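Novice: Got a structure for you, written out below as C-alpha cells; questions coming shortly.
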Amino acid sequence: MPTLEPAVTGDHPHAIAYRRTADAFRAGDVDVVESLVAPEVVWHVPGDHPMAGTIEGREALLAWLARLTGIGFWIVECDVFASDQHVCAVSTMGARRDDVDVQTRVISIFRYQDGRQVERWLYPDDTAAWNAIFAGLNRDAPAGLGSSP
C-alpha cells in the first residue's frame, strides 16, 4: 500500500497578496494597501461599536483603516489559506491603549479577483472583546482622529 506524503506547495498568490496587504497596513504603507485592494471593495464589519457596518469602496476603507492607528489596534496572522477565489485568514486582533488591553481570534473570509481584495467578512470569536477594541470612538470622527477612552 502506498504511503500518502503531504504535498509541499508554495502559498497561493492570493495568500501572498493578503499577507502583503497586512504587512503594508502594519508598516503604514498606504500605497501598497491601495494597490492590493480593488476600487469597489466591500468590508462587512460586525459588532456593536462605532466602526461596525458595511464599508464600501477603497477610499472609505482606507479612511476606516486610518482610524485604527488612533486606538492602538494590532493584528497577527496565525494561518492563511487561499484558493483561486477566496482567502481565509485566522488572525488575532486586539488593541492596547490607556485602560484597554484586549484581543480576540478573528476569522476573515475574503473574495479576491485579479489578485486584489474585493470583499471581506470578519467573524470575531469573542464579540465582547471585539467591541472593546473599538470602544470610545466617535462614529463620525474623521479618518485618523479616533479617540481613546
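Taken together, the values in this text are just the output of simple stated rules run on the coordinates, not laboratory data. These numbers come from a predicted model, not from an experiment. Reconstructed Cβ throughout: ideal geometry from the backbone, glycine too, with neighbour counts over all protein chains shown.
Novice: With a point put 7 Å past each Cα toward its Cβ, work out how far Thr54 is from Cys78 in nm, to one decimal.
Specialist: It works out to 3.0 nm between the two label points.
Novice: What size of dipole, in debye to the nearest 20, comes out for region 13-133 about its Cα centre when the only charges are +1 on Lys and Arg C-beta atoms and -1 on Asp and Glu C-beta atoms?
Specialist: Computed charge dipole of region 13-133: roughly 100 debye.
Novice: Report the far tail of the P(r) of region 13-133, meaning the percent of Cα-Cα pairs longer than 23 Å.
Specialist: The calculated P(r) of region 13-133 puts 23 percent of pairs beyond 23 Å.
Novice: Grab the beta carbon distance between Val100 and Ser35, set R0 = 41 Å, and tell me the FRET efficiency rounded to 0.05.
Specialist: 0.80
Novice: Give the long-range amide H neighbours of Asp126: residues separated by 5 or more places, or on another chain, with amide H under 5 Å away, using H modelled in the peptide plane at 1.01 Å from N.
Specialist: Amide H neighbours of Asp126: Arg105.
Novice: Now for a separate question. Report the label-to-label distance for Arg26 and Glu119 in nanometres (one decimal), using points 7 Å from each Cα along the Cα→Cβ vector.
Specialist: 2.8 nm
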